[in-house]
Amino acid sequence: MEVILGRTSGFCGGVRNAIVKTKEEAEKSNDIIYCLGDLVHNPIVLNDLKRMGVQVIEKLEGIPNPKGKLVIIRAHGVKKEIYEEAKQLEIKIKDLTCPKVLAIHEFVDKYSGENSFIFLIGEKKHPEVIGTASFCGNNSVVIENEEELQDAIDIFNNKSKENKNMNLIVVAQTTFNLEKFEEFEKIIKDKIDKNIEVIVNNTICNATRIRQEETEKIAKEVDGMVIIGGRKSSNTNKLYQISLENCKNVVMVENAQELKENLDNFKMCKKIGIMAGASTPEESIEEIVNIVKNM
Ligand code: SF4
């Protein structure tokens with residue numbers, strides 16, 4: 001079987017940094033360390049960390065005797081209020097928010113005053129978006145689809161009639177689909193008064209963009225495609241969607257066992273492409289590549 005493995009498969013810089021540093025902290029510490037939410041959306045990595053004494057919590061207030069405890073902030077980042085809450089509870093923070101996400105927080109924070117309105121394009125329920133939204137202030141809206149974009153444009157047009165100095169800021173979740181973002185940008189520019197300043201900051205991470213482009217290219221060349229990654233992983237789901245648009249035969253798996261259960265899908269294939277999301281460990285990728293090669 002001919003196999004094409006995406007060059008950009010696996011951990012991105014932000015995720016690799018978060019995992020390495022969390023493991024370092026766990027090795028140094030004799031106490032439990034806490035992580036606000038899953039460090040990455042991958043069950044294999046999470047089980048590994050659990051064995052090392054990293055406990056996932058959803059809220060700081062869930063920590064027993066919090067004073068002096070260490071809490072990891074994952075690559076997605078957290079809400080602005082968390083930093084203040086940690087200070088009050090005298091919790092130590094290890095902030096592993098990806099620098100690219102931190103840059104978005106700083107950018108929107110700068111425009112969170114009354115003379116700007118922010119469109120944050122991304123998935124409302126995604127932790128990164130929840131975190132970024134908290135830095136945007138009240139004049140902002142999260143937009144997931146075209147319908148919501150239209151509503152947001154109406155809201156902005158009304159607001160800008162009341163405040164003639166208001167400008168419009170547009171940013172995106174780091175893993176948002178680039179093509180869709182560009183479509184949204186065009187709609188926004190067409191429907192907003194030309195006299196209004198519109199600042200579009202394409203905050204889609206380069207690692208995401210390159211991985212999505214490579215996925216599309218591979219999916220077009222092969223007759224079967226395997227996407228590896230956690231089901232909760234937003235970037236892995238996007239790779240799956242892109243593959244479906246470009247290849248008839250696509251499966252998304254979290255691990256080698258799941259692939260084994262789906263091998264029948266590839267019976268007639270001659271060339272299979274493999275791509276993995278940003279939180280997929282190398283061992284999983286290698287294992288799956290070997291299974292496919294030996295088919
Ligand atoms: S995908 Fe990009 S922004 Fe997100 S954690 Fe990885 S490097 Fe950072």
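The values are calculated or read from the model by the stated rules, or taken from the named source; none is laboratory data. This one's a predicted model, so the numbers in the text were calculated from it and none came from an experiment. Counting neighbours? That spans all protein chains shown, and the Cβs are built from the backbone with ideal geometry, glycine included. These area figures cover heavy atoms from the full protein model, side chains too; ligands, DNA and RNA do not enter into them. Shrake-Rupley method; radii C 1.70, N 1.55, O 1.52, S 1.80 Å.
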> Using only the Cα atoms of the chain, what do you get for the radius of gyration and for Dmax, in Å?
Replying inline: 21.1, 66
> Which chymotrypsin sites (Phe, Trp or Tyr not before Pro) in the range 183-274 pass both tests, a DSSP loop state and at most 13 other beta-carbon atoms within 10 Å?
Replying inline: none
> What do you get when you divide the Cα radius of gyration of the range 13-97 by 2.2 N^0.38 Å, with N the number of residues?
Replying inline: 0.99
> What value, in deg cm²/dmol to 500, does the helix sum -39500 (n - 2.57) over DSSP H runs of n ≥ 4 give at 222 nm once divided by the residues of the chain?
Replying inline: -14000 deg cm²/dmol
>> Among N115, P281, T174, whose Cα projects farthest towards the positive end of the dipole of the chain, with charges put on the beta-carbon of Lys, Arg (+1) and Asp, Glu (-1)?
In response: P281
> Once the mean 1/r over all distinct Cα pairs of the range 241-295 is inverted, what Kirkwood radius in angstroms do you read off?
Replying inline: 11.9
> Using the C-alpha gyration tensor of the range 101-200, what are the square roots of 5 times its eigenvalues, in whole angstrom, with the largest one first?
Replying inline: 20, 16, 11
>> What are the ³J(HN,Hα) couplings of the range 88-100, residue after residue, when phi is run through the Karplus curve with 6.51, -1.76, 1.60 and θ = phi - 60°? Round to Hz, x for glycine and proline.
In response: 5, 8, 6, 8, 8, 10, 10, 8, 9, 4, 4, x, 6
>> Restricting to lysines 8 or more places apart or on different chains, can you count the pairs in the range 101-200 with Cα atoms under 24 Å from each other?
In response: 29
> For L244, L149, what's the largest-to-smallest order of accessible area, 1.4 Å probe?
Replying inline: L244, L149
>> With a 1.4 Å probe and all protein chains left in place, how much of the accessible area of the range 13-97 comes from carbon and sulfur atoms, in whole percent?
In response: 49
> Within the P(r) computed for the range 50-94, what percentage of the Cα pairs occupies the region above 15 Å?
Replying inline: 39
> Averaged per residue, what accessible surface does the range 13-97 expose to a 1.4 Å probe, in Å²?
Replying inline: 54
> Given 0.36 nm per residue, what is the gain on full extension from L263 to I32 after removing their alpha carbon distance, in nm?
Replying inline: 79.1 nm
>> Applying a 10 Å radius around every beta-carbon, put 167-179, 191-203 in order of their mean neighbour count, most first.
In response: 167-179, 191-203
